[in-house]
Each structure stands twice: as structure tokens, then as C-alpha cells.
Amino acid sequence: SVALPDDSTGEYVSALKAHLAEASEHVRPSVDTIYFGGGTPALMGAKNICDILRQIKKEYNIVRNPEITVELNPESTDRKLLKSLKKAGFNRLSIGIQSAVDQELRDLGRLHDFAGAKEAVLLAREEGFENLSVDLMYGIEGQTPESFEYSIGEILKLEPEHISCYGLKVEENTPLWGRRDTAALPDDDGQADMYMLACSTLRRSGYIHYEISNFAKPGYESRHNLKDWRLEPYLGFGPSAHSDYGGRRYS
């Protein structure tokens, strides 16, 4: 994960398209799910994202009614972007909200507040997206069971079709790693309690707990996520991408 210089975006997109074309010469799978993420693909701009999707449609056999997802952050989501994504064929959005508590978002270094997150969801609905997933995080610095319960409640008011709920993992070479011993991070038991709270609350609210960290309204389970759990083949493209195809796992 690096800061992308402005002048390298075009080179990256060209390389990615070349890799897509190269792989298509050797395999001709029927593609039923396409996923743009992780990270923040929207930073490349709608034109580049849609150009990559067009390349995929050109090179591969896409089935009818595929699931095509792109990850977005609230601060980089606007109406113009959403219109372009919708027109290009994206039909599922994954929005990284993480928390409904603004202080927790600031402690995470996020660039949005919860009002901005709600606005992004509203814009997505207005532009016709009917399959929304949102990210919710527990184990955040300073987070309590009460503040996490509040976040769950506020997320449920947005009525997303899918919720991904992850525990914070402090990675090396991040700002939080350097002060992990003094940061007010919930311990393992605290994280476990929050996880169980999410499981019970979301289940009561009609969400199916279909995968360790993922919850969905009936019929909205992520088809892309399920490929991993069913050991079905998939192809990955781009830096750090992994694949499971032709009986081999490779990166």
C-alpha cells in the first residue's frame, strides 16, 4: 500500500489491462462476480475504474446478472462518481463506514464523519443502487461496548443489505503500531464481547450470519465472498492479488 503519484495512475491502469488481456488468452472462465478492492479504487477516478471494467467485459465471458462490486469510502463518493459506476454496470457498493462515532473515526485516521457516511448511502440509493454493503469495525481505540452498540444501531437505520463486521488488527509500520502499548485499545476479551454483541444484534434484526465477519439480509449474501468459502476458483489482478485457479493457488 503506497501513496500513488499522480503521474503513475495511467501506467498502472495500462499494466492492469495488459494483465487482464494476457490471462484471458490462457483461460476462458465464465465470470459471475467481479470485485474492485481492497483499498480505495475510487481514488483512480471513475474513468479509470470504468475503463478497467470494460476491459474485463471485453476479454471474458460475463454471465447474465453478474455481481459487480466496488469498494468506496464516504469522502470520495459523490453523485458524479456514482452515476458513472452505475452506467458502467456496477451493481453493488461496499462503503467503508467503520463507526458512527466521529471521535472513533478520527482516532482511526479516517477522512469522513458519520454525517458524510450517511450522505454517501443516501446518494447511492438516489442513484439506484439496491445492493449496499457497509463496513463496521470493533476494537477501535477508546471504543466501549456502549459506543459499539450505538454504531450498530445507527448502521441498521441505514438499512444496508449487507454488513461486514471486522475487528481492528494493529499492523506493523502503521501509526497505531508505534503507540499500541499506550493506546486505549480493547483487549481480546473486549473484542470478543463486541463481536458477540454484533452477532446477536444483527441476527435479531434479520441478518443472516453466513460467514465469520459477514451478515446479510436473505438473498444478499456476497456471491464473491462465498467463492472463498466454497473453494471455487477465482482470478486476482493487480499488486498483491492472489488467485485460486486450475488447481493452483498463486500470487
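For the stretch 210-228, taking the residues that are under 15 Å from the mean Cα position of the chain (by Cα) and under 13 Å from Thr33 (Cβ atoms), the one that is least open to solvent (accessible area, probe 1.4 Å) is identified as Ser222. Output the residue which, of all residues in the stretch 96-132 that are of a type in the set (Gly, Ala, Ser) and either open to solvent by 60 Å² or more (accessible area, probe 1.4 Å) or in contact with a strand residue (DSSP E or B) (Cβ under 8 Å, 6 or more places away or on another chain) (or both), is nearest to Ala216 (Cα to Cα). Going through the qualifying residues, I end up with Gly96.
How about the stretch 149-167: which of its residues are aliphatic (A, V, I, L, M) and more than 13 Å from the chain's Cα centre (by Cα)? Give the steps one after another, and end with the answer.
To start, the set of residues in the stretch 149-167 that are aliphatic (A, V, I, L, M) comprises 152, 155-156, 158, 163.
Of everything in the stretch 149-167, those that are aliphatic (A, V, I, L, M) and more than 13 Å from the chain's Cα centre (by Cα) turn out to be Ile152, Ile155, Leu156, Leu158.
In the stretch 138-158, the residues that are open to solvent by 10 Å² or more (accessible area, probe 1.4 Å) form Cβ pairs under 6 Å with partners that are in a loop (DSSP other than H, G, I, E, B) and among the polar types (S, T, N, Q), at six or more places apart or across chains, as follows: Leu156/Ser205.
Filtering Leu176, Leu231, Leu202, Leu197 for residues that are surrounded by fewer than 18 Cβ atoms within 10 Å (Cβ to Cβ) and modelled with pLDDT of 95 or more leaves a single hit, Leu197.
Would the stretch 49-70 turn up any residue that is aromatic (Phe, Trp, Tyr), surrounded by fewer than 21 Cβ atoms within 10 Å (Cβ to Cβ) and out of contact with any Ser or Thr (no Cβ under 8 Å at 6 or more places or on another chain)? Checked the stretch 49-70: no residue is aromatic (Phe, Trp, Tyr), surrounded by fewer than 21 Cβ atoms within 10 Å (Cβ to Cβ) and out of contact with any Ser or Thr (no Cβ under 8 Å at 6 or more places or on another chain). Kindly check whether there is at least one residue in the stretch 174-184 that is under 18 Å from Glu146 (Cα atoms) and not basic (Lys, Arg). Yes: one or more hits. Pairing each residue of the stretch 49-63 that is touching a residue at least 12 places away in the same chain (Cβ under 8 Å) and closer than 8 Å to Leu20 by Cβ with any residue that is among the charged types (D, E, K, R) and crowded, with 17+ Cβ neighbours inside 10 Å, provided the two are 6+ apart or on different chains, yields C-beta distances under 7 Å for Ile52/Lys17; Gln55/Lys17.
If Lys80 satisfies every condition in (1) surrounded by 17 or more Cβ atoms within 10 Å (Cβ to Cβ); (2) modelled with pLDDT of 95 or more; (3) not β-branched (Val, Ile, Thr) but one, which is the exception? Against the list (1) surrounded by 17 or more Cβ atoms within 10 Å (Cβ to Cβ); (2) modelled with pLDDT of 95 or more; (3) not β-branched (Val, Ile, Thr), Lys80 comes up short only on (1). Does the stretch 91-113 include one or more residues that are at pLDDT below 95 and at positive phi? Scanning the stretch 91-113, I find at least one residue that is at pLDDT below 95 and at positive phi, so the answer is yes. Each residue in the stretch 20-40 was checked for being under 30 Å from Glu172 (Cβ atoms) and at pLDDT 95 or above, and 2 of them qualify.
Criterion first (touching a strand residue (DSSP E or B) at 6+ places or on another chain (Cβ under 8 Å) and under 17 Å from Asn131 (Cβ atoms)) does Ile163 satisfy it?
Numbers: touching a strand residue (DSSP E or B) at 6+ places or on another chain (Cβ under 8 Å): yes; under 17 Å from Asn131 (Cβ atoms): yes.
Yes.
If you take just the helices (runs of 4 or more DSSP H) that sit entirely in the stretch 14-119, which of them hold at least 1 residues that are farther than 26 Å from Ile155 by Cβ? Passing ranges, in order: 46-59, 79-88.
The values are calculated or read from the model by the stated rules, or taken from the named source; none is laboratory data. Just so you know, these numbers come straight off a predicted model, no measurement behind them. With ideal geometry, Cβ positions are generated from the backbone for all residues, glycine too; neighbour counts draw on all protein chains shown. Just so you know, the surface numbers come from the protein's heavy atoms only, side chains and all, with ligands and any DNA or RNA stripped out. Shrake-Rupley method; radii C 1.70, N 1.55, O 1.52, S 1.80 Å.
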